[in-house]
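The values are calculated or read from the model by the stated rules, or taken from the named source; none is laboratory data. Treat the numbers as computed from the prediction; the structure is a model and nothing was measured. All Cβ positions, glycine included, derive from the backbone under ideal geometry; neighbour counts span all protein chains shown.
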Protein chains: 2
Amino acid sequence: DGGRTESLDYEVIENFAYREEQANRGRLFVMYQVAVKWFFALLIGIGTGLAAVFINISVENFAGWKFSLTFAIIQKSYLAGFVVYILFNLLLVLSSVYIVTQFAPAAAGSGIPEIKGYLNGVDIHGILFFRTLIGKIFGSIGSVGGGLALGKEGPLVHTGACIASLLGQGGTTKYHLSSRWLQVFRTDRDRRDLVTCGCAAGVAAAFRAPVGGVLFALEEVTSWWRSQLMWRVFFTSAIVAVVVRTAMGWCKSGNCGHFGSGGFIIWDISGGQEDYSFQELLPMAVIGIIGGLLGALFNQLTLYLTSWRRNYLHKKGNRVKIIEACVISILTSTISFGLPLLRTCTPCPEVDPASGIECPRSPGMYGNYVKFYCSKDQEYNDLATIFFNTQDDAIRNLFSAKTLHEFSAQSLLTFLVMFYTLAVVTFGSAVPAGQFVPGIMIGSTYGRLVGMFVVNFYQKLNIEEGTYALLGAASFLGGSMRMTVSLCVIMVEITNNLKLLPLIMLVLLISKAVGDAFNEGLYEEQARLRGIPLLESKPKYEMRKMTAKEACGNRKVVSLPRVVKVADIVSILRSNKHNGFPVIDHTRGGGTLVIGLMLRSHLLVLLQSKVDFQHSPLPSEPRVGARPIMHSFSEFVKPVSSRGLSIEDIHLSSDDLEMYIDLAPFLNPSPYVVPEDMSLTKVYNLFRQLGLRHIFVVPHASRIIGLITRKDLLIEE
Amino acid sequence: DGGRTESLDYEVIENFAYREEQANRGRLFVMYQVAVKWFFALLIGIGTGLAAVFINISVENFAGWKFSLTFAIIQKSYLAGFVVYILFNLLLVLSSVYIVTQFAPAAAGSGIPEIKGYLNGVDIHGILFFRTLIGKIFGSIGSVGGGLALGKEGPLVHTGACIASLLGQGGTTKYHLSSRWLQVFRTDRDRRDLVTCGCAAGVAAAFRAPVGGVLFALEEVTSWWRSQLMWRVFFTSAIVAVVVRTAMGWCKSGNCGHFGSGGFIIWDISGGQEDYSFQELLPMAVIGIIGGLLGALFNQLTLYLTSWRRNYLHKKGNRVKIIEACVISILTSTISFGLPLLRTCTPCPEVDPASGIECPRSPGMYGNYVKFYCSKDQEYNDLATIFFNTQDDAIRNLFSAKTLHEFSAQSLLTFLVMFYTLAVVTFGSAVPAGQFVPGIMIGSTYGRLVGMFVVNFYQKLNIEEGTYALLGAASFLGGSMRMTVSLCVIMVEITNNLKLLPLIMLVLLISKAVGDAFNEGLYEEQARLRGIPLLESKPKYEMRKMTAKEACGNRKVVSLPRVVKVADIVSILRSNKHNGFPVIDHTRGGGTLVIGLMLRSHLLVLLQSKVDFQHSPLPSEPRVGARPIMHSFSEFVKPVSSRGLSIEDIHLSSDDLEMYIDLAPFLNPSPYVVPEDMSLTKVYNLFRQLGLRHIFVVPHASRIIGLITRKDLLIEE
Ligand SMILES: Nc1ncnc2c1ncn2[C@@H]1O[C@H](COP(=O)(O)OP(=O)(O)OP(=O)(O)O)[C@@H](O)[C@H]1O
Ligand SMILES: Nc1ncnc2c1ncn2[C@@H]1O[C@H](COP(=O)(O)OP(=O)(O)OP(=O)(O)O)[C@@H](O)[C@H]1O
Ligand SMILES: [Mg+2]
Ligand SMILES: [Mg+2]
């Protein structure tokens, strides 16, 4: 997989072109730059918000049509209803898998591991293309609308990131950055900031949780964080919240079909449990442990399954992927329709008509107490209430307060086992798929189960099963994804209830600790499997005892002389895959001097343009100014998540090969260097925290020119 | 002021002692270390929570006694009531200023600039002492209870930080770190993490806002952030929330006197405005602008006043400081008692008895509609409702919904002008003082004023003046402190209302932008004034054009040879104030080699212990092992926020002076180096992001040993 991923260049390459440009820039340009950044944050917010609204409207409408059609038909024939239900789902899933396989292969899965990799400094081919964006949006409508055991939240994060990245490079034209005013975002560093905004916007849109979005981006996705970015990211999230809110207000009046009555998250549980007693902490801790165990198991099972898929199944081509998705769809439909049929119905409890709860609910409406295959009138089918329903509504039912004993333990257990299996099997098929909502489903099922026991055991009135369902959801997500602060805040925001925060934290602390005892988090496992070399924030323990010199082994360094023959460059570039080459010059005294770092991609640009070729093997001029710089800085920019130039693309005549290039104006004269005996922990921190790509290991300096302390950096403007 | 502050050493000094210790440590020790860290987080949470509860109980009780006494007396004589009120306040303020001036001078002010400095890498003498903690707690009880225009929130942050730091070094015994199990927290780096936890705990305790606390620590206070820390910090905040909640539950039953009925923040406004229309955005933007202007003005005025105080008034000694505080106290009492007297009372509106609002409220109760110097029975004094009250209750009244037209515009304006002046004058006097609550007071006053106009102008029923008061509060804090995300979240958490988040953001965006046009944030201005050299997160624009070599000027580097005569060390240490010295060795070939960095504090430890003195001027042994290391790593640890050893403390005989020390085992062999032509922007980022103290500027290397990329750092455990 080595060829598929490549590091990003977050470093500022201070070559002559860059320095010249810096010198020409005024203060006005800096202000303009800031303004554009904020404007882009605004656009990202609006774009992601609209994408989320679009996806949700489509999904809710497809699901709404599906369920109302099926309900209408099953009044006459259950078999006909079953067939229609299966076909409807199959069609949607087929559309999704078709789009993904034929058109946007990078749109499969949740995309969060890839985005995480991107923000960690690894570029994966194709993840931020326009076609990936389109595939993600339409693919997730199909897969979620088709009732598979997956969610649309992960894909929304990827969508936000794609929108941000595309805005940043000014559209789909991959190989040229359009007008001059867009040249603000040419470096990987600027794009990283935009993508961070996009991620936060995606989470904010998925859960309508602006603060949660910021924290998710901060905790889970990004690897570097600058505090200037925080406010901009928050701004983006708030814009998303406003856009979504406005759209939903507009939909309330019935403009959007089935959308508006039910879904789009915010499972408000503010009417529920207000207080908790100390005895309840024990069952809550149990929930945490279950969450850790089931979450770690989920990670492990999906890891095996995904690696099997990658190595066998998906190697066989797109046909297999399509068939696989269809089989999973039929399986899911059959189980979600068939199992409730086997379940005998329960008589309706007496409900207070003032509470607004209906039993059984009228067909086509959202709510609890679904009537499905019941012989009597005042009966409902508790398994159908969660299984034969959209996931959003099922979760709402599981979280709901004031509905004690709605579900039987048997139904919940059946659902748990079935849905868990489905979620594991669905994970990794070639459709856009998020793990948040399935995780919440699984967690809230066993949470509610524990809640039922607590209600029966403690015999207290103010305990709500819905609260336990919420804690269960938190525990499963914590046990699988291992997020902490952001998950807490997201849970609080989606349930609109600040009071449960300490309980959620307790549960998360436990489930994360339990999960960590077994394996890594879901995204890290998946990233590793996909060959994305993530650098964690903490250096490994072994590194304390290693030095920088040991880390780079005894490999011979492939370096370039300052003035180099074109033929030599070509043969060096052909003979290895390295992306950076030290440039070594000779001093007058006959010694050598490491004068900088030359990137492969910059060399390729020079070879392609040919304007810098010279006949003489001598340095053109010791300093800049004598010869004008032929290149603007933007020529060296590599397009996002594409492979860029390769040495095979470049055609040189034999005359060209005999010429020379003086690299001095193009190299990065100030790469980071470390002394050979620095411990690898320190090197790691340097590399990770500054987001580097290359570090030179050099002997101790022979001479010290000066010393910089805090005082030297306090320059008054 | 240069002598008062000194940089912290966040770097790992990889000397032989350190390496030996690393080698001796097992995996078990690492686990133990983690466990201790979490345990300390727990302790910090509990400690800070209890401190907050203690401060609040005391303040509320003092204020309760004061007001009930005064109310009782003014039934008979307003003059007598006035005198008692003034004396009561005076006594409390006197106690506060006495404690601070005589006992804990570092406890004056809010302490946030100092803590910010500490976490930025600057140690200020005395800020984390035990006596500072005590002074802060008791001082702020006096100053807040005494009715001055200041708050207890800033001091609580400082309190949290002190508790954390004291826990970290195992108590007050400054000059020796007690038992072995505490040696986990010996480096400045570990202490920094603890102090970060303490800060977050302080905010969480002050506002009962755990998420806000984490974000405050992240955005406003810390300069470096490791994602591992986030979860621990959040844990601490949650513990605080639980402790405070438990204590308050216990106090509800009347165990804590006056505390429990009123204060301790959470100004719940969930009963208020649910929705907003687009027309309202204009007046809200106006609030933002006012907030930016008034906030920037506040910063500027306090800056002038504080610098005047520092340069003239407070130079005259503690007597002047005490007199000043007393004068301010008398002034505040007179205004808050006298002004409401001049105000004619308003007849009570008709209130729905079901709403629980009383008019006029019964004496000794908390709530709106205070009766004060009114001739008729069914009247209340609107100015007294906010002025002659504790600040928490005044804010609650200003935020309150369903109390349209409670205040007249005239009263609000009077209060605004008076309180603003008082807040400016009080700032910088020698008592513990926070700026949050006064800021909220000021902001909510003009916010409510704008709200009144909106209500009158738009004539809509669902607009609440309280909502505007809240936005006003946010705008003033944003305009003065320039916090963003954390302020948003804190405002949401203290009002327990998620729906207003986008509005708060809008207001903050505007007020911060307006404020930034005039000056820096309050804490930055104050830090600069106090000579705390904060490094901002962003390098200055000018640095792009400067190189590392230019930054260190033409100063001659003061360096040490590897084997150095004791007399030379002494004379070098005496002759300058530098804290780090490059060590230069001679190679066999006769050239020189920069082998590392020696810290002044480590040199002093060597001079004091004398065990490493040798007679020969030759290196003792080229490598470790031959001669055992005489020192454990902990001997080199400097106590927190104290001056540590000084060269004057060390007494050497003339024999000692003739001896030599081989520095090789004690120096840091891998200091960070940069090539001379690296731009200062890059140097700044390196320095700031890794939290360095010294960077060596060296010529380009003559030779490259190796090259480290991402792949080399992916070591499997
Ligand atoms: N110019 C070079 N000379 C010698 N060894 C090199 C050189 N550049 C890199 N290496 C080494 O070769 C190995 C693979 O390097 P490669 O250049 O492929 O980098 P990489 O880790 O894949 O990062 P990137 O994503 O930038 O390609 C690394 O261990 C690295 O230390
Ligand atoms: N050993 C040295 N030789 C020459 N100049 C030095 C040396 N150490 C520091 N300097 C320079 O002297 C100035 C003041 O240095 P000083 O050592 O007081 O550091 P500082 O900025 O006050 O930091 P600290 O808080 O660590 O004391 C700085 O500009 C620094 O570059
Ligand atoms: Mg590579
Ligand atoms: Mg100094």
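Filtering the range B:539-550 for residues that are at pLDDT below 90, buried (at least 18 other Cβ atoms within 10 Å of the Cβ), in a helix (DSSP H, G or I) and within 8 Å of another protein chain (Cβ to nearest Cβ) leaves a non-empty set. Where strands (runs of 3 or more DSSP E) fall wholly inside the range A:661-717, the ranges with 1 or more residues that are within 16 Å of ligand 1 (Cβ to nearest atom) are A:673-675, A:695-698. Taking B:Ala23 as the residue in question, decide whether it is in the same structural domain as B:Thr236 (by TED's automatic domain parsing) and of a type in the set (A, V, I, L, M). Judged against the criteria, B:Ala23 is not a match. For the range A:556-578, a residue qualifies if it is in contact with a Lys or Arg (Cβ under 8 Å, 6 or more places away or on another chain) and either surrounded by 18 or more Cβ atoms within 10 Å (Cβ to Cβ) or away from chain B (no Cβ under 12 Å) (or both), and exactly one does: A:Leu573.
Restricting attention to the range B:368-391, the residues being among the aromatic types (Phe, Trp, Tyr) and touching a strand residue (DSSP E or B) at 6+ places or on another chain (Cβ under 7 Å) number 2. Annotation note: Cβ proximity below 9 Å between a residue of the range A:409-421 that is under 18 Å from A:Thr344 (Cα atoms) and a residue that is among the basic types (Lys, Arg) (sequence gap 6+ or interchain) occurs for A:Gln410/A:Arg343; A:Ser411/A:Arg343; A:Leu412/A:Arg448; A:Thr414/A:Arg343. All told, B:Phe29 meets the bar of being more than 30 Å from B:Ala205 (Cβ to Cβ) and either in contact with a Phe, Trp or Tyr (Cβ under 6 Å, 6 or more places away or on another chain) or more than 16 Å from ligand 3 (Cβ to nearest atom) (or both).
Residue-wise test of (1) more than 7 Å from every other protein chain (Cβ to nearest Cβ); (2) free of Cβ contacts under 8 Å to residues at least 60 places away in the same chain.
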| residue | (1), (2) |
| --- | --- |
| B:Ser223 | yes, no |
| B:Trp231 | no, yes |
| B:Val244 | yes, no |
| B:Gly249 | yes, yes |
| B:Cys256 | yes, no |
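Taking residues in the range B:118-143 that are free of Cβ contacts under 8 Å to residues at least 40 places away in the same chain, and partners anywhere that are more than 16 Å from ligand 1 (Cβ to nearest atom) and among the small types (Gly, Ala, Ser), the pairs with Cβ atoms closer than 7 Å and at least 6 places apart or on different chains are B:Arg131/B:Ala104; B:Thr132/B:Ala104; B:Thr132/B:Ala106; B:Thr132/B:Ala107; B:Thr132/B:Gly126; B:Ile134/B:Ala104. Set side by side, the residues A:Gly706, A:Gly691 differ, and just one is under 28 Å from A:Glu6 (Cβ atoms) and either in contact with an Asp or Glu (Cβ under 8 Å, 6 or more places away or on another chain) or within 16 Å of ligand 2 (Cβ to nearest atom) (or both), which is A:Gly691. Mind checking whether some residue in the range A:494-516 is within 10 Å of chain B (Cβ to nearest Cβ), under 30 Å from B:Asn15 (Cα atoms) and not in a loop (DSSP other than H, G, I, E, B)? For the range A:494-516, residues within 10 Å of chain B (Cβ to nearest Cβ), under 30 Å from B:Asn15 (Cα atoms) and not in a loop (DSSP other than H, G, I, E, B): absent. The residues in the range A:671-717 that are within 16 Å of ligand 4 (Cβ to nearest atom) and out of contact with any Gly (no Cβ under 9 Å at 6 or more places or on another chain) can be counted, and the count is 3.
Restricting attention to the range A:75-104, report how many residues are farther than 26 Å from A:Phe337 by Cα and either without any contact (Cβ under 8 Å) to a residue 60 or more places away in the chain or buried (at least 19 other Cβ atoms within 10 Å of the Cβ) (or both). Can you show your working first?
At the first step, the residues of the range A:75-104 found to be farther than 26 Å from A:Phe337 by Cα are A:99-104.
Adding the requirement that they be either without any contact (Cβ under 8 Å) to a residue 60 or more places away in the chain or buried (at least 19 other Cβ atoms within 10 Å of the Cβ) (or both) leaves A:99-101, A:103-104.
Counting residues in the range A:75-104 that are farther than 26 Å from A:Phe337 by Cα and either without any contact (Cβ under 8 Å) to a residue 60 or more places away in the chain or buried (at least 19 other Cβ atoms within 10 Å of the Cβ) (or both) gives 5.
Being polar (S, T, N, Q), assigned to a helix (DSSP H, G or I) and at pLDDT below 75 is the requirement here; does B:Gln279 meet it? Considered against the rule, which asks whether it is polar (S, T, N, Q), assigned to a helix (DSSP H, G or I) and at pLDDT below 75, B:Gln279 comes out as no. Only a single criterion out of (1) within 11 Å of ligand 1 (Cβ to nearest atom); (2) at pLDDT 90 or above; (3) touching a strand residue (DSSP E or B) at 6+ places or on another chain (Cβ under 6 Å) is not satisfied by A:His578, namely (3).
Residue count for the range B:1-45 satisfying the condition of being among the polar types (S, T, N, Q), within 9 Å of chain A (Cβ to nearest Cβ) and in a helix (DSSP H, G or I): 1. For the range A:280-328, the set of residues classified as in contact with a His (Cβ under 9 Å, 6 or more places away or on another chain) and without any contact (Cβ under 8 Å) to a residue 60 or more places away in the chain consists of A:Val320 only. Considering the conditions (1) under 24 Å from A:Gln608 (Cβ atoms); (2) within 7 Å of chain B (Cβ to nearest Cβ), A:Leu663 is excluded by exactly one of them, (2).
Of note, B:Phe216 does not satisfy the criterion of being modelled with pLDDT of 85 or more, facing another protein chain (nearest Cβ under 9 Å) and part of a helix (DSSP H, G or I). The single condition among (1) within 16 Å of ligand 3 (Cβ to nearest atom); (2) under 37 Å from the mean Cα position of the chain (by Cα) that B:Arg710 does not meet is (2). So, in the range B:666-717, exactly how many residues are touching a Leu at 6+ places or on another chain (Cβ under 8 Å), polar (S, T, N, Q) and within 7 Å of another protein chain (Cβ to nearest Cβ)? Result for the range B:666-717: 3.
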